[in-house]
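One structure is given below, encoded as structure tokens.
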Amino acid sequence: MPKPSDTLWDIAKAEVEKKENPDSNGDGMEFWEKSLFFMGNKNGGKTTIILRCLDRDETPKPTLALEYTFGRRAKGHNRPKDIAHFWELGGGTSLLDLIRIPITSDNIRTFAVILVLDLSKPNELWPTMDSLLQVTRSHVEKIITKLGKTNPKVATEIKQRMWNNVLKDHPDHELIDPFPIPLVIIGSKYDIFHFTSKSEALLLKARVLINHLAFGFDRSKSISVDQNKPLFIPAGLDSLNQIGPPPASDSDIGKLHAHTPLDLWKKIFEKTFPPKSTVDLKDVSDPAQDPQYAEYEVDAMRAQKNQELEQYKRNASKSWKEMEFES
């Protein structure tokens, strides 16, 4: 709150500082504003996770293109409600151009990405992850480069913050290339493999983590690296040594000519689960032809109008040919 003695200049300066430091709560009464971007496999469960995090008892519907919603939470009595913006990219990897819309230089400091990968489709998993993260990283790095020219202080802060979760003595420090903004990867449909109803407990874990990113609530400090159970690994708390070598013989590994551990894992993964090409992963370009958006009455009327249009084109073509033009 401004003091009675504050000049107009003091108030304006304070407002600018508040905008440049959104993580600062000032006198404890300011609200914060975060943005979360959900992407991943088509029909992978992104909408379900968002609805559960926002306590909305709705039946999930297929996401068309890029959808937006928001949530509000109050951390205490008589306190302003924090706001979280939820963006969701539909269509799997078919709408990569839309990634640049929600992520801007204005919100880059308060932005996080949630990548939801469908574990029941292992052949799509790696190419989906590759495509979405590469395009997102490229766009974010362009924003940071641009900020480096207009606001170098903010650009430097973003770059430094990338390493906050990585200890200086981390055994893989030299091999790590952190994602430029907070990133969470969720493997959905895990319960399919165990044929038991464990989805509620797993959704609760996801909800706690997302509420931390969206509203600043306390995050779970637990960690689970047992491959026989659902994995839960906070950033920076794992290592290549703990993960162990890929499931392949030394001779097979030597034939793959991988340049990095990630590249090695990718090649062995793709040998087990041959990836679908990016062409195969492209969804129907016209949503009106996509079966997941089918509506009988609308589709029947559209088919009728298409027939009428074709008939009109044929009749118009005939009439033009029969017309005689004066010289």
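Taken together, the values in this text are just the output of simple stated rules run on the coordinates, not laboratory data. Quantities reported herein were computed from a predicted structural model and do not represent experimental measurements. As a convention, Cβ positions derive from the backbone with ideal geometry for all residues, glycine included, and neighbour counts pool all protein chains shown.
Eigen-decomposition of the gyration tensor built on the alpha-carbon atoms of the stretch 37-136 gives equivalent ellipsoid semi-axes of 26, 17, 11 angstrom, largest listed first. The stretch 239-279 and the stretch 109-162 have their alpha-carbon centroids 23 Å apart. Peptides 96-106, 45-55, 226-236 ranked from most to least packed, by the mean per-residue count of other Cβ atoms within 10 Å: 45-55, 96-106, 226-236. Applying a threshold of 21 Å to the alpha-carbon distances of Lys81/Lys189; Lys34/Lys266; Lys42/Lys189 flags Lys81/Lys189; Lys34/Lys266 as lying beyond it.
Based on Cα contacts under 8 Å between residues 6+ apart, the stretch 143-255 shows a relative contact order of 18 percent. Restricting the stretch 124-204 to chymotrypsin sites (Phe, Trp or Tyr not before Pro) that sit in a DSSP loop and have at most 12 other Cβ atoms within 10 Å of their own Cβ leaves Phe195.
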